[in-house]
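FYI, it's all coordinate maths here, none of it is from the lab. Just so it is clear, the structure is predicted and the values come from calculations on it, not from any experiment. For neighbour counting, all protein chains shown are included, and Cβ atoms are generated from backbone atoms with ideal geometry for every residue, glycine included.
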Amino acid sequence: MTFGSKSRGGWFGLAIALSAATAFSGAASAEDVPESLFTSVGHVKVETAVDGLNYPWSLVFLPDGEMLVSEKHPGRLRRISKSGKISPPIKGLPENIYAKGNGGLQGLALDPDFKTNHRVYFAFAEHDEDSPENAALSVARGTLGEDRLTDVEILFRQGPRFEDDREFGGRLAFLPDGTLLVMTGDRYQHELVQDTSNTLGKVIRINRDGSVPDDNPFVGKDGYDPRIYSLGHRNIGGGIVNPDTGKLWVEEFGPIGGDEINVVEPGKNYGWPLANWGVHYTLQDIPDPPTRPDLTAPIYFWNPSVSPSGMIFYTGDEFPGWKNSLVVGGLASQSATHLTLQGERVISDERMDFGVRIRDVAQGPDGAIYLLTDEAAPNGRILRLTLEKPTAETQAASTLETTKQ
Ligand SMILES: [Ca+2]
């Protein structure tokens with residue numbers, strides 16, 4: 001990934017400098033995130049809701065307001081009380097979690113009927129019993145009790161496996177029809193992604209028990225794994241179903257200058273590695289998407305790259321100006337980006353720099369936005385973003401901003 005240290009909106013960079021002068025208080029060290037960020041909707045207050053986690057990867061809110069968080073390494077699941085207390089590791093996870101590099105415990109999703117069946121779905125890198133370096137993405141579900149998962153069963157195993165710790169993908173989402181989508185990475189096997197008999201660089205759609213839905217796009221077609229929903233993805237870092245359209249939106253880690261947002265439709269081919277914006281890490285050129293109209297181009301891409309992570313469609317009331325827009329985490333860019341949408345087009349891109357890698361984004365029941373920082377214990381944190389009530393000082397800063405544009 002390239003390190004895009006400057007946001008593209010010049011006014012936004014100025015706003016950061018202004019808020020740094022007015023809002024950073026106390027003995028802030030270089031590692032500290034800002035306490036406040038100036039954005040298009042006002043000052044965003046940044047608080048640490050939870051700390052002490054080890055590489056937190058995915059966050060879901062339980063119906064009672066508690067959080068469930070996966071820790072990538074060494075592959076642990078934690079429940080976090082409303083007061084921020086982290087539970088001991090939840091027991092009952094599979095034994096053979098491959099917790100190296102990009103691997104470990106990854107995406108979480110609650111069953112659409114969680115309130116009655118208490119089922120949790122989780123993605124993880126799994127190694128062979130007899131070959132601890134040979135790993136692939138797997139998905140399982142279990143029933144969540146107070147301190148353990150029971151009835152754990154494997155629903156999906158990506159194939160083939162490789163002795164490589166890169167690009168597992170690992171996000172999960174449910175479609176409105178209750179089927180489960182598994183977003184996989186290409187395991188850095190670029191040349192194998194267009195092979196429709198494997199599950200590298202694919203979105204997978206399965207029933208909640210792991211069986212194949214009859215209406216999957218490639219059911220009965222020779223040479224296709226029938227679990228494939230879409231293909232030609234590189235490494236999906238985030239994915240969520242648009243609450244308005246019911247379609248999956250994903251972000252992919254691209255090559256240099258080619259991170260993408262794709263709107264996923266069944267049976268479509270998103271082009272990797274035949275076409276993509278940007279260039280390979282070897283600097284070798286890649287055909288641009290318009291040269292391949294037979295493939296589906298992204299609706300948006302970043303240059304410089306941000307290395308996108310988890311994402312949400314914001315639907316809460318805390319940030320009225322961000323309703324129905326995307327908020328996307330960034331790893332190498334150490335940021336989160338707010339994207340204003342018009343249908344399936346991105347019409348503005350506003351980056352918030354946190355100075356720490358952001359792995360996942362979630363919306364709380366309170367409408368606040370929660371971010372997971374990609375850091376080792378004791379620094380792995382959950383940040384909580386809310387909108388600051390305007391004060392005389394912030395009003396003056398906003399007026400100054402407006403007059404300078
Ligand atoms: Ca693509």
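For region 312-366, with only Lys/Arg (+1) and Asp/Glu (-1) charged at the beta-carbon, what is the dipole magnitude about the Cα centre, in debye rounded to 20?
The calculated dipole for region 312-366 is roughly 180 debye.
For D164, which sequence-distant residues (separation of 5 or more, or a different chain) have an amide H within less than 5 Å of its own amide H, given hydrogens modelled in the peptide plane?
HN-HN under 5 Å from D164: A135.
Give me the net charge for the shell around I97: Cβ to Cβ below 12 angstrom, other residues only, Lys and Arg +1, Asp and Glu -1. Walk me through the numbers on the way to the answer.
Working: positive: K72, R76, K100; negative: E71, E95, E126.
Result for the local shell: 0.
Mind listing which chymotrypsin sites (Phe, Trp or Tyr not before Pro) in region 216-317 are in a DSSP loop and have 12 or fewer other Cβ atoms within 10 Å?
Here the chymotrypsin sites (Phe, Trp or Tyr not before Pro) that fit, given the DSSP loop and packing criteria, are Y281.
What list of ³J(HN,Hα) couplings, whole Hz, do you get for region 157-164 from phi and the Karplus terms 6.51, -1.76, 1.60, once you set θ to phi - 60° and write x for glycine and proline?
My calculation for region 157-164 gives 10, 6, x, x, 8, 9, 8, 7 Hz in order.
Helix-only estimate, please: 222 nm mean residue ellipticity of the chain, summing -39500 (n - 2.57) across DSSP H runs of length 4 or more and dividing by its residues, to the nearest 500.
Dividing the helical sum by the residues of the chain leaves -2500 deg cm²/dmol.
Hey, can you grab everything whose amide H is under 5 Å from the amide H of L155? Only 5+ residues off in sequence or another chain; H modelled, so Pro and N-termini drop out.
Answer set, sorted by chain and number: V139, A140, R141.
Going by how many other beta carbons lie within 10 Å of each one, how would you line up M67, M183, fewest first?
Sorted ascending by nearby Cβ count, the order is M67, M183.
Can you give the relative contact order of region 262-351 as a percent, counting alpha carbon pairs under 8 Å and 6+ residues apart?
19
Any idea how far the Cα center of region 220-252 sits from the one of region 62-98, in Å?
27
Roughly how many whole Å is it from the C-alpha centroid of region 332-357 to that of region 151-189?
After rounding, the separation between the Cα centres reads 25 Å.
With springs only between Cα atoms under 10 Å, which of I347, I86, I240 fluctuates most in a Gaussian network model of the chain?
Top of the fluctuation ranking is I347.
Do you know the relative contact order of the chain, to the nearest whole percent, from alpha carbon pairs under 8 angstrom that are 6+ apart?
Details: 1093 pairs, mean separation 62.4, N = 405.
Relative CO of the chain lands at 15 percent.
Which of A123, A376, A336 moves most in a GNM of the chain, Cα contacts under 10 Å?
Highest fluctuation among the options: A376.
Which of these, S36, S87, S70, has the largest mean-square fluctuation under a Gaussian network model of the chain (Cα springs below 10 Å)?
Evaluated over the chain, the most mobile residue of the options is S87.
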